[in-house]
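Accompanying notes for the structure given below.
The values are calculated or read from the model by the stated rules, or taken from the named source; none is laboratory data. Fair warning: this is a prediction, and the values are worked out from it, not measured in the lab. Here Cβ is always computed from backbone atoms with ideal geometry, including for glycine, and neighbour counts include all displayed protein chains. When the accessible area is computed, the model is the full protein with side chains, heavy atoms only, and any ligands, DNA or RNA have been set aside. Shrake-Rupley method; radii C 1.70, N 1.55, O 1.52, S 1.80 Å.
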Amino acid sequence: MSKLRTQFVCQQCGRISARELGRCPQCGAWNSFVEEVISPPASDAKRPQGFALRASSPRRLSEIEALQEERWLLPMGEFARVLGGGIVPGSMILIGGDPGIGKSTLLLQVALVMEKQGRVLYVSGEESESQIRMRAQRLLGNSRNQGADLEQTAPPNLYLVTETQLPQILEHVATLQPRLLIVDSIQTTYLPELESMAGSVTQVRECASRLRELAKTSGITVFLIGHVTKEGSIAGPRVLEHIVDTVLYLEGDRFQSYRLLRSVKNRFGATSEVGVFEMGERGMIEVPNPSEAFLAERVIQAPGSAIAVTMEGTRPLLVEVQGLTSPTPFGNPRRTANGVDVNRLLMICAVLTRRLGLRLSEQDVFVNVIGGLTVEEPAADLAIAAAIASSYKNRPLRADVVLIGEVGLSGELRMVGQTAARLREAAALGFQTAILPRRLGRSEAYPEAIEIIEARSLQQALAAALLGEEQDSSSG
Ligand code: TYD
Ligand code: MG
């Protein structure tokens, strides 16, 4: 027998090298190379018939029959929206997220609702069947009278199994013929014939491609759960991302109850769509009006609070941004950002100092986005600046105002995209005024239900937004 041949594989991006490297030249990760045994490539003869070479012939666009995509109804509005309207048969969907964020919970809920339309097989490599049963009981809301209820109203089409070996899983699928297969998680699933560890790039990639073959040839929809590692990637992330049809990430602050389900790749719908859930006693509850939820605890007319309108995909979201300035005790002022990029905060502080004369060099500045959200869009700059200025001057902002706009280095305000959609959402939630960058050219008509104040500069915008500011704005 020949000597085992091995190679080194980057566990972050899948780059292969003949020797171990300290730093991956492809993705820049440190110490990410792991030695793996090279397995002989599956020969073409083993491939299923459907994949054999087929004579291809170019056709005109009009000659190609339009495929009316069938979708299974998913009666969870927020999830369906992220998928682009429902579940496409034969597709493979990856759900990534930090451990403990709620992936298993969410997919068990999907299993419980989809079970009404056909058989569902939930394969877990992480929890025992009785643990999953307990969770299902909790989700169905009859935890009090243990067991009894679940036995009578038990979902008849939901099957559970604890299994980590892929060939066994495929066997279960073959006997059970489910419509939906949920694999929790792809990192615990492995092929015994490969010698590398479960969770390694080789295993993850090979298991995922076999499952894809299953999905494509049988029409079964496969949901894969994948953990995100510290570095923010699923083991073998890039590798997996091109194997699957759809990539969703479940994100949120573990100490907050809101969870965002975000699509970053979708062959069957728009990307960057977001669904909002709240983790409750009985699993994930949909939040169809997230703006309302995020503003629920707002104290009106408190200094240091401003409302920004950000876009999550096609959906406008109103969020409260809080700012607090407090005199620095020992000369070295601190800047603390929670939910906004710290570099943006530094830039906004610099603009407030240089262009508006706020003496922030003597102040610690804290910025916080309520609800555990992260706002990355520059469109929130104006609200961040206003929250800081409002706290610094100890003057509240007008209660009924939203602030939209990017702040430039000279203190000018810049237009952001999808302004009309943002304004419609603000108007729908009862905001009466919006402060915006001045419109240059024509764009989509703004809704009439909200009063628009256009400002060219941050200074003008703050003069309009801060209560009691009008008198001294001329001097500044
Ligand atoms: P889980 O779905 O196991 O996370 P993941 O699969 O992403 O690792 O969720 C774990 C957390 O969710 C756990 O801390 C308990 C909490 N949880 C609730 O708050 N409510 C519930 O109804 C359930 C089932 C879990
Ligand atoms: Mg889990």
| query | So, of the residues in segment 179-229 that are open to solvent by 10 Å² or more (accessible area, probe 1.4 Å) and within 16 Å of ligand 1 (Cβ to nearest atom), which turns out to be nearest to Pro167 (Cα to Cα)? | reply | Thr188
| field | Evaluation of Leu107 against (1) more than 10 Å from ligand 2 (Cβ to nearest atom); (2) touching an Asp or Glu at 6+ places or on another chain (Cβ under 7 Å); (3) in a helix (DSSP H, G or I) (one fails), failing number | value | (1)
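So that you can scan it fast, the table gives a plain yes or no per residue for (1) within 16 Å of ligand 1 (Cβ to nearest atom); (2) in contact (Cβ under 8 Å) with a residue 40 or more places away in the chain; (3) within 22 Å of Gly199 (Cα to Cα); (4) of a type in the set (Lys, Arg):
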| site | (1), (2), (3), (4) |
| --- | --- |
| Ile243 | no, yes, yes, no |
| Thr246 | no, yes, yes, no |
| Tyr249 | yes, yes, yes, no |
| Leu260 | yes, yes, no, no |
| Ser272 | no, yes, no, no |
| Gly275 | yes, yes, no, no |
| Glu278 | yes, no, no, no |
| query | Looking at (1) farther than 19 Å from Tyr159 by Cβ; (2) modelled with pLDDT of 95 or more, which is the only condition Val123 fails? | reply | (1)
| query | From the residues in segment 328-347 that are in contact with an Asp or Glu (Cβ under 6 Å, 6 or more places away or on another chain) and not charged (D, E, K, R), which one is nearest to Asp381 (Cα to Cα)? | reply | Pro333
| For the subset of segment 252-261 comprising residues that are surrounded by fewer than 20 Cβ atoms within 10 Å (Cβ to Cβ) and away from ligand 2 (no atom under 15 Å from the Cβ), which member is modelled with the highest pLDDT? | Tyr258
| field | Enumeration of residues in segment 375-418 that are modelled with pLDDT of 95 or more, closer than 13 Å to Val321 by Cα and among the acidic types (Asp, Glu) | value | Asp381
| Taking the stated definitions as given, is Val173 at pLDDT 90 or above, more than 16 Å from ligand 2 (Cβ to nearest atom), open to solvent by 30 Å² or more (accessible area, probe 1.4 Å) and of a type in the set (Val, Ile, Thr)? | no
| task | With the condition kept exactly as written, say whether any residue in segment 311-321 is modelled with pLDDT of 80 or more and among the polar types (S, T, N, Q). | result | no
